[in-house]
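S.K.: What follows is a structure written as structure tokens; I'll ask about it next.
The values are calculated or read from the model by the stated rules, or taken from the named source; none is laboratory data. Here the structure is a predicted model, which means the values were calculated and not measured. Cβ sites come from the backbone with ideal geometry, for glycine too, and all protein chains shown count toward neighbours. Heavy atoms of the whole protein, side chains included, go into the accessibility calculation; ligands, DNA and RNA do not. Shrake-Rupley method; radii C 1.70, N 1.55, O 1.52, S 1.80 Å.
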Amino acid sequence: MVWSWPDDTNTSPPYHVYDAIPMEERNTICVVKESKRIRTPAELSRSEMVKICCIGAGYVGGPTMAMIAYKCPDIQVVVVDISVPRINAWNSDRLPIFEPGLDEVVKSCRNTNLFFSSDVESNISDSDIIFVSVNTPTKTRGLGAGKAADLTYWESAARMIADVAKSDKIVVEKSTVPVKTAEAIEKILNHNSRDGVNFQILSNPEFLAEGTAIDDLTNPDRVLIGGRQTPEGQKAVAALKGVYAKWVPEDRIITTNLWSAELSKLAANAILAQRISSINAMSALCEATGANVSEVAYAVGKDTRIGPKFLNASVGFGGSCFQKDILNLVYICECNGLTEVANYWRQVVQINDYQKLRFVNRVVSSMFNTVSGKKILVLGFAFKKDTGDTRETPAIDVCLGLLGDKAKLSIYDPQVSEDQIRRDLTTSKFDWDHPQHLVPSSPTAKSKEMVTVTWDAYEAAKGAHGICIMTEWDEFKSLDYQRIYDGMEKPAFVFDGRNVVNPDELRKIGFIVYSIGKPLDAWMKDLPAAPLT
């Protein structure tokens with residue numbers, strides 16, 4: 001089908017006629033600038049395809065662009081990154097991240113309309129839409145250290161775009177950024193661009209959950225696009241909306257102004273983390289009173305105003321977003337003079353830290369108030385199941401707490417490498433997301449002696465005094481705990497930080513069991529509470 005537009009239009013194709021095309025016909029058309037008409041994909045050559053470039057080949061950029069390429073075969077997608085090893089991994093048979101279903105999506109369109117490249121500048125120059133999905137780590141020094149987002153990498157990306165762009169671009173914020181970041185990016189682009197080159201900034205925050213990212217991308221709750229409330233801004237919004245409309249129902253694509261979109265991401269993560277901290281706070285009260293946090297959460301979750309999600313008590317939340325985004329929100333509130341609001345959100349992080357410390361103290365106090373020289377099996381190191389991501393995983397703080405009391409740790413996780421575990425245990429807080437820490441660390445001889453990493457849970461359990469379950473991997477539910485018990489020192493302890501196992505069944509075997517928020521083992525009821533220091 002051919003669509004045409006007035007010759008006197010001031011807007012360059014391919015975006016300005018997109019809104020006029022009926023939704024049901026958008027999947028079968030594409031715009032060709034040279035002939036001023038829209039042709040079917042079969043008529044197009046590679047050079048005429050709409051081109052998307054994503055800066056950043058990490059947990060967000062890689063899967064998101066793979067899904068766009070998979071769902072939009074008429075769009076060319078290139079993911080660029082300055083890290084050559086990371087790009088090489090995306091082009092190999094072993095992808096740099098583990099995510100169920102990701103391999104199939106990538107391999108189905110890689111080198112067809114999905115490409116991974118370290119040639120950053122030329123791909124930026126050739127693209128129509130540029131997604132920016134670079135790190136926004138927490139600042140480690142200077143103004144706002146420990147709370148504010150470090151936008152160094154975002155600013156560098158913006159300056160590079162301005163330097164190499166020879167035609168109009170739509171620049172899309174995909175990273176989680178502080179509200180009003182788009183305003184700063186606009187200034188950088190507009191003050192450093194070539195004459196006649198115009199930019200439109202959009203905010204398109206990601207709402208992926210690791211472990212389910214491909215499902216989240218295939219069938220999202222919503223796609224959020226924020227743009228300027230100007231004719232040009234709304235045309236850019238419509239262009240990006242058209243990409244997602246290839247597979248996302250239109251009623252799930254929400255459009256807002258820029259600032260609402262930027263803030264919505266921070267708000268969503270803060271409120272989700274708040275629910276986790278709320279149920280974790282209740283878990284401490286459950287243990288003190290003999291209530292069962294799982295029963296409490298089930299009863300509360302049946303209230304349709306509340307719902308059951310994110311009400312599973314645990315040793316604490318982790319991942320790259322929750323703590324970082326809440327601290328960023330705290331800093332933004334402080335900068336706007338909203339001290340009480342900042343203190344409210346800060347408490348969500350403080351409860352999370354309290355929960356991890358409470359868990360460590362429970363382990364130490366239960367094992368005769370010392371774990372010095374005792375072998376502890378740590379089951380799971382990733383922050384959640386079905387991912388190899390260890391960023392801000394509670395396992396780090398728990399392991400460091402036990403090492404502080406001179407415990408010997410034997411760690412098993414089915415997806416996390418030994419190098420990653422040792423790197424995490426020797427990296428300063430907030431430094432994990434900075435490039436200089438992406439190289440293998442050099443652990444000391446002492447740390448090597450105190451920590452072993454194994455790929456066999458049964459071997460790791462031999463001679464252990466206790467087990468700490470830190471990740472809810474499904475395989476941990478079906479381990480032969482009788483076999484494990486037989487090889488352990490006695491009394492043998494299980495400290496379940498994810499409520500994975502049935503405590504009554506383990507007690508029948510002979511274990512002394514602690515489960516977050518569950519009635520305490522008789523052994524533990526008589527112990528004095530360890531000080532939370």
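S.K.: Given the condition open to solvent by 30 Å² or more (accessible area, probe 1.4 Å) and within 26 Å of SER478 (Cβ to Cβ), answer yes or no: does some residue in segment 344-364 qualify?
M.R.: Within segment 344-364, one or more residues are open to solvent by 30 Å² or more (accessible area, probe 1.4 Å) and within 26 Å of SER478 (Cβ to Cβ).
S.K.: Hey, can you tell me all the residues within segment 166-188 that are within 16 Å of ALA239 (Cβ to Cβ) and either within 20 Å of the chain's Cα centre (by Cα) or open to solvent by less than 40 Å² (accessible area, probe 1.4 Å) (or both)?
M.R.: Residues satisfying the conditions are LYS169, ILE170, VAL171, VAL172, GLU173, LYS174.
S.K.: Now for a different question. Scan segment 375-395 and tell me whether some residue there is in contact with a Lys or Arg (Cβ under 8 Å, 6 or more places away or on another chain), polar (S, T, N, Q) and not in a helix (DSSP H, G or I).
M.R.: no
S.K.: Looking at ALA288, ALA261 in this structure, which one is in contact with a strand residue (DSSP E or B) (Cβ under 7 Å, 6 or more places away or on another chain), in a helix (DSSP H, G or I), modelled with pLDDT under 95 and not assigned by the TED database to the domain that holds VAL398?
M.R.: Only one candidate passes the filter, namely ALA261.
S.K.: Would you list the strands (runs of 3 or more DSSP E) that sit entirely within segment 97-210 and hold 1 or more residues that are within 21 Å of ASN269 (Cα to Cα)?
M.R.: 129-132, 169-173, 199-203
S.K.: Write out, first by first residue and then by second, each pair whose Cβ atoms fall under 8 Å of each other, whose residues are 6+ apart or on separate chains, and whose first residue, in segment 224-244, is among the hydroxyl-bearing types (Ser, Thr, Tyr) while the second is surrounded by fewer than 23 Cβ atoms within 10 Å (Cβ to Cβ).
M.R.: TYR244/VAL223; TYR244/ILE253
S.K.: Of everything in segment 219-240, what is open to solvent by 60 Å² or more (accessible area, probe 1.4 Å) and either in a helix (DSSP H, G or I) or more than 10 Å from LEU202 (Cα to Cα) (or both)? Give them in sequence order.
M.R.: Of the residues in segment 219-240, the ones open to solvent by 60 Å² or more (accessible area, probe 1.4 Å) are 219, 221-222, 228-229, 231-232, 234-235.
Scanning segment 219-240 gives ASN219, ASP221, ARG222, GLN229, PRO231, GLU232, GLN234, LYS235.
S.K.: Where the second residue is in a loop (DSSP other than H, G, I, E, B) and open to solvent by 60 Å² or more (accessible area, probe 1.4 Å) and the first is under 13 Å from PRO63 (Cα atoms) and modelled with pLDDT of 95 or more and lies in segment 92-119, which pairs have Cβ atoms under 6 Å and are six or more apart or on separate chains?
M.R.: PHE116/ASN91
S.K.: Checking the condition touching a strand residue (DSSP E or B) at 6+ places or on another chain (Cβ under 6 Å) and closer than 30 Å to PRO178 by Cα, which residue from ASN312, ASN343, ASN336, ASN328 passes? Talk me through it step by step, then tell me what you get.
M.R.: Working: ASN312 fails: touching a strand residue (DSSP E or B) at 6+ places or on another chain (Cβ under 6 Å); ASN343 fails: touching a strand residue (DSSP E or B) at 6+ places or on another chain (Cβ under 6 Å); ASN336 fails: touching a strand residue (DSSP E or B) at 6+ places or on another chain (Cβ under 6 Å).
That would be ASN328, the only listed residue that is touching a strand residue (DSSP E or B) at 6+ places or on another chain (Cβ under 6 Å) and closer than 30 Å to PRO178 by Cα.
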